[in-house]
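Presented below is the structure to which this report refers.
Every number here is computed from the coordinates shown, using simple stated rules; none is lab data. Because the structure is a prediction, the values reported are computed rather than measured. No Cβ is skipped: glycine too gets one built from the backbone with ideal geometry, and neighbour counts run over all protein chains shown.
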Amino acid sequence: MLVNIFKSKIHRVKVTQAELNYVGSITIDEDLLDAAGIKENEKVQIVNNHNGERLETYAIKGKRGSGIICLNGAAARKAQPGDVVIIISYAWMTQEEAANHKPVVVFPDENNRVVK
């Protein structure tokens with residue numbers, strides 16, 4: 001049996017843009033994607049700490065080092081620039097894999113940069 005397990009998250013980043021006239025997704029600084037182990041086009045859950053909204057979409061790479069967090073398309077209605085969000089990824093694992101799995105949690109600074 002497979003279980004859907006919390007794989008990684010980018011904890012408390014600020015939304016920098018919301019682009020309604022876009023096909024969809026969330027643009028995330030490539031440094032943040034790498035740090036969290038989130039692949040381009042991977043399904044992610046977005047949790048908005050300001051208004052309680054939750055949504056699922058897919059990640060696309062933003063310019064490395066830019067700090068960009070941009071909700072695109074319909075997702076742009078769920079957050080505004082300045083909102084603090086959590087970006088979560090999950091993975092399907094066997095019971096054995098899940099027993100040994102350690103999620104990756106990234107805590108960016110106030111400019112959405114990876115803190116080492």
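Of the residues in the range 15-43, how many are more than 20 Å from ALA91 (Cα to Cα) and assigned to a loop (DSSP other than H, G, I, E, B)?
Looking only at that region, the number is 7.
So which residues in the range 69-96 are over 25 Å from GLY24 (Cα atoms) and either touching a residue at least 60 places away in the same chain (Cβ under 8 Å) or among the hydrophobic types (A, V, I, L, M, F, W, C) (or both)?
Listed by number, the residues that qualify are MET93, THR94, GLN95.
Keeping to the range 50-62, report how many residues are closer than 18 Å to ALA35 by Cβ and more than 15 Å from the chain's Cα centre (by Cα).
Counting residues in the range 50-62 that are closer than 18 Å to ALA35 by Cβ and more than 15 Å from the chain's Cα centre (by Cα) gives 0.
Residues to consider are ARG64, ARG54; find the one that is surrounded by fewer than 17 Cβ atoms within 10 Å (Cβ to Cβ) and either in contact (Cβ under 8 Å) with a residue 24 or more places away in the chain or closer than 19 Å to ASN111 by Cβ (or both).
Working: ARG54 fails: either in contact (Cβ under 8 Å) with a residue 24 or more places away in the chain or closer than 19 Å to ASN111 by Cβ (or both).
Sole residue among the options that is surrounded by fewer than 17 Cβ atoms within 10 Å (Cβ to Cβ) and either in contact (Cβ under 8 Å) with a residue 24 or more places away in the chain or closer than 19 Å to ASN111 by Cβ (or both): ARG64.
Mind counting the residues in the range 98-107 that are in contact (Cβ under 8 Å) with a residue 40 or more places away in the chain and either within 21 Å of LYS43 (Cβ to Cβ) or part of a helix (DSSP H, G or I) (or both)? Give the derivation first.
First pass over the range 98-107, keeping only residues in contact (Cβ under 8 Å) with a residue 40 or more places away in the chain: 98, 101, 103-107.
Now restrict to residues that are either within 21 Å of LYS43 (Cβ to Cβ) or part of a helix (DSSP H, G or I) (or both): 98, 101, 103-106.
Summing the residues that are in contact (Cβ under 8 Å) with a residue 40 or more places away in the chain and either within 21 Å of LYS43 (Cβ to Cβ) or part of a helix (DSSP H, G or I) (or both) in the range 98-107 gives 6.
Name, by its number, the condition in (1) without any contact (Cβ under 8 Å) to a residue 40 or more places away in the chain; (2) touching a Lys or Arg at 6+ places or on another chain (Cβ under 9 Å) that does not hold for ILE46.
Among (1) without any contact (Cβ under 8 Å) to a residue 40 or more places away in the chain; (2) touching a Lys or Arg at 6+ places or on another chain (Cβ under 9 Å), the lone unmet condition for ILE46 is (1).
Restricting attention to the range 77-94, and to residues there that are among the polar types (S, T, N, Q) and part of a strand (DSSP E or B), which single residue is surrounded by the most Cβ atoms within 10 Å (Cβ to Cβ)? Talk me through it step by step, then tell me what you get.
Going through the range 77-94, the residues among the polar types (S, T, N, Q) turn out to be 80, 89, 94.
Retained after the next criterion (residues that are part of a strand (DSSP E or B)): 89, 94.
Details: SER89: 21, THR94: 10.
Only one residue fits best here, namely SER89.
For the subset of the range 10-51 comprising residues that are among the aliphatic types (A, V, I, L, M) and more than 20 Å from VAL104 (Cα to Cα), which member is surrounded by the fewest Cβ atoms within 10 Å (Cβ to Cβ)? Talk me through it step by step, then tell me what you get.
Going residue by residue through the range 10-51, those that are among the aliphatic types (A, V, I, L, M) are 10, 13, 15, 18, 20, 23, 26, 28, 32-33, 35-36, 38, 44, 46-47.
Next cut, more than 20 Å from VAL104 (Cα to Cα) only: 15, 18, 20, 23.
Details: VAL15: 23, ALA18: 20, LEU20: 11, VAL23: 9.
Ranking the candidates gives VAL23 first.
How many residues does the range 94-116 contain that are under 26 Å from ASN4 (Cα atoms) and out of contact with any helix residue (DSSP H, G or I) (no Cβ under 9 Å at 6 or more places or on another chain)?
So the count comes out to 11.
Against the conditions (1) part of a loop (DSSP other than H, G, I, E, B); (2) touching a residue at least 60 places away in the same chain (Cβ under 8 Å), where does ARG12 fall short? Just the number, please.
Exception for ARG12: condition (1).
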